[in-house]
């Protein structure tokens, strides 16, 4: 009887060691303000629409420094999967984000900007957090596939978004996304 108790205690001790050893991780959590070259980001373009009472659109708040509301389609017409490359560009008094879309994205951008002059493109980005970062008014047809806009972000956040978008574009080119 004594042997069974010892064997039971040995098994219990072994199980306890395995559980504690496997379950213990360092208490470090990833800092949301720190990013690496392997981090990804998303960029979604939504069209401003009139309130129509359907569930296809909803009110959003764009910006932090001067927030404003608009009604936008819930489904984006362009995403990060149609981006060829992105860059932060210096402009007089600040910076902008320049996005070059692939062939499919160029076609969609041209179609939406041709047919919706005077409306806004609500731009959402996810880079550790999801935020509406811009809503430029469509003033002309964009047929070259390049969208340049001034985001309501810090320079570091813009760098993080662009780095993440280029990472996704690279993965899409390699067929991994």
Tell me, in nm to one decimal, what length is gained between residue 90 and residue 129 on full extension, where the rule is 0.36 nm per residue of separation less the Cα-Cα distance?
-> 11.6 nm
If the viscosity is 1.002 mPa s and the temperature 20 °C, what translational diffusion coefficient in µm²/s does Stokes-Einstein give for the range 31-113 when Rh comes from Kirkwood over Cα pairs?
-> 140 µm²/s
Which ordering of 174, 117 is given by a fewest-first count of other beta-carbon atoms within 10 Å?
-> 174, 117
Using only Cα positions of the range 42-173, each an equal point scatterer, no hydration layer, compute I(q)/I(0) via Debye at q = 0.16 Å⁻¹ and quote the log10 values to two decimals.
-> -0.79
Subtracting the Cα-Cα distance from 0.36 nm times the residue separation, let me have the gained length for residue 156 to residue 137 in nm, one decimal.
-> 4.4 nm
Fewest-first sequence of 64, 176 by Cβ atoms within 10 Å of each Cβ | 176, 64
Taking the Cα-to-Cβ direction at residue 149 and at residue 114 and moving 7 Å from each Cα, how far apart do the two end points lie in nm?
-> 2.1 nm
Stretched out fully, how many nm does the piece from residue 56 to residue 171 gain, at 0.36 nm a residue minus the Cα gap?
-> 38.4 nm
Kindly put 130, 121 in sequence by how many other C-beta atoms sit within 10 Å of each C-beta, fewest to most.
-> 130, 121
Inter-centroid distance (Cα atoms) of the range 37-66 relative to the range 140-177, Å = 16 Å
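The numbers here are math on the coordinates, done by the rules we state, and not lab data. Since this is a predicted model, take the numbers as computed values, not measurements. Reconstructed Cβ throughout: ideal geometry from the backbone, glycine too, with neighbour counts over all protein chains shown.
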